[in-house]
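Visitor: Take this structure first; my questions come after.
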Amino acid sequence: MKIPFVSFKPMERELDVELRDAFNRVYTRSWYIEGEEDEKFENAFARYCNTRYCVGTGNGLDALMLALKALEIEDGDEVIVPSNTYIATALAVTYVGAKPVLVEPDIRTFNIDPNRIESAITRKTKAIMPVHLYGQPCDMDPIIDIAKNYNLYIIEDCAQAHGAKYKGKVIGSFGDVAGFSFYPGKNLGALGDAGAAVTNDEELAKKIRALGNYGSDYKYHHIYLGNNSRLDEMQAAFLSAKLPHLDKMNEERRRIARMYLEGINNQEVILPYIPDYAEPVWHIFGIRCKRRKELEKWLNDAGIGTNKHYPIPIHLQECYKELGYKENDYPVAQEISETELSLPMYYGMNEQEVGYIIDTINHFR
């Protein structure tokens with residue numbers, strides 16, 4: 001049996017008519033930037049996230065970067081980010097001139113450990129950027145308490161967690177602002193690059209929108225040194241077609257995750273941990289194994305696609321060598337980077353496929 005790591009085909013078959021209608025609407029209207037589709041999606045996604053405002057951007061990295069710029073985080077400032085995350089989280093901080101300060105994750109959840117945050121705060125710290133990694137919500141209450149005590153902003157990185165819930169509340173509205181990615185592989189994915197920032201702060205939303213539109217609040221009037229990062233009409237239309245189906249598709253991911261959690265029984269494999277406060281949406285189903293290379297080959301030889309998130313931690317990436325980090329400076333992130341293996345997880349997987357993956361893992365020795 002051949003099972004890819006990810007496939008969009010089941011979802012695309014189901015939404016084929018709606019996606020083609022979305023394309024035709026935009027194409028017929030011949031309006032491609034800042035039009036009706038953008039406004040429609042922004043309003044719908046803000047409601048979905050229980051926030052007042054949504055500002056579309058070109059991608060998820062830009063959503064975070066523009067949020068940081070709007071909060072006037074700049075040269076000489078520091079932002080706390082998890083040591084275990086996709087590099088875009090740190091890059092957003094670097095792009096505004098600030099320094100990403102790495103804090104280790106909880107080895108069980110892969111998310112930033114709130115117990116380690118306070119010791120990383122200095123007089124230069126301006127914000128905390130928790131990442132809801134793999135679709136697993138962070139433990140937000142202690143993070144919020146720390147931010148209040150030290151007068152810090154919270155920028156949620158929700159790139160992998162569309163619809164995930166913390167204590168029954170959808171993530172994205174716990175901080176001052178949140179950034180989302182709609183990269184095609186995300187739970188809510190466009191058919192190209194796209195992103196958004198959501199917030200309950202009207203002035204912040206206006207500033208993010210202006211910063212993403214060349215710093216302009218109206219045509220040819222530029223109040224900031226801005227960027228060009230806007231959600232185009234075509235991607236907004238595709239996202240509007242998909243958004244009403246997001247909860248159903250997330251529930252299907254939960255069903256697949258339950259099968260994995262209940263069926264995988266191999267002492268060499270460490271399964272994901274779900275805290276009581278969390279309702280994950282399983283963007284990634286990441287297991288850990290000390291013999292990852294052998295397990296990866298075992299699965300690939302059986303026709304099962306896998307991936308690794310992320311094999312080189314941020315502190316060992318060449319682009320951040322100027323920060324002076326060394327091997328084992330962040331041992332928890334490094335342990336995860338050396339042992340994590342991602343299993344197939346996508347809408348449309350059938351029970352036979354999931355069962356085959358479970359059986360293959362259970363026979364690994």
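The values are calculated or read from the model by the stated rules, or taken from the named source; none is laboratory data. On a predicted model such as this, the values are computed, not experimentally measured, just so you know. Positions of Cβ are backbone-derived with ideal geometry, glycine not excepted, and every protein chain shown enters the neighbour counts. Protein only, heavy atoms only, side chains kept; ligands, DNA and RNA dropped before computing areas. Shrake-Rupley method; radii C 1.70, N 1.55, O 1.52, S 1.80 Å.
Visitor: Helix-derived [θ] at 222 nm for the chain: sum -39500 (n - 2.57) over DSSP H runs of at least 4, divide by residue count, nearest 500?
Guide: -11000 deg cm²/dmol
Visitor: By Kyte-Doolittle mean hydropathy of at least 1.6 and Cα axial length of at least 30 Å, which whole DSSP H helices of the chain are selected? Don't jump to the answer; show the numbers that get you there.
Guide: Values: long enough: none.
The answer is none, since no helix passes both cut-offs.
Visitor: Within straight cross-link reach of Lys9, meaning Cα distance under 20 Å, which aspartates and glutamates are found once same-chain residues fewer than 8 apart are removed?
Guide: The reachable aspartates and glutamates, counting only those whose Cα sits under 20 Å from Lys9, are Glu18, Asp21, Asp193, Asp247, Glu251, Glu252, Glu351, Glu353.
Visitor: May I ask you to work out the translational diffusion coefficient for the chain at 20 °C, viscosity 1.002 mPa s, via Stokes-Einstein with Rh from the Kirkwood sum over Cα pairs, reported in whole µm²/s?
Guide: For the chosen part, D equals 102 µm²/s.
Visitor: Using the structure shown, list the pairs from Lys148/Lys207; Lys148/Lys206; Lys126/Lys219; Lys165/Lys290; Lys69/Lys148; Lys186/Lys297 with a Cα-Cα distance above 28 Å, or answer none.
Guide: Lys126/Lys219; Lys165/Lys290
Visitor: What's the center-to-center distance, using Cα atoms, between segment 296-365 and segment 145-224 in Å?
Guide: 28 Å
Visitor: Right, another one. At a probe radius of 1.4 Å, what is the per-residue accessible area of Trp298, in Å² to the nearest 10?
Guide: Counting only protein heavy atoms, Trp298 exposes about 110 Å² to solvent.
Visitor: Where only protein heavy atoms count, and the probe is 1.4 Å, what is the accessible area per residue for segment 206-365 in Å²?
Guide: 49 Å²
Visitor: I need the per residue convex hull volume for segment 230-365, using only the alpha carbons, in cubic angstrom as a whole number.
Guide: It is 177 Å³ per residue.
Visitor: Using DSSP to define loop residues, name the GluC sites (Glu not before Pro) in segment 241-336 whose beta-carbon has at most 11 other beta-carbon atoms within 10 Å.
Guide: In loop regions of segment 241-336 (DSSP not H, G, I, E or B), the sparsely surrounded GluC sites (Glu not before Pro) are Glu327.
Visitor: While we're looking at this one, here's another question. Carbon and sulfur together cover what percent of the accessible area of the chain at a 1.4 Å probe radius?
Guide: C and S fraction of accessible area: 48 percent.
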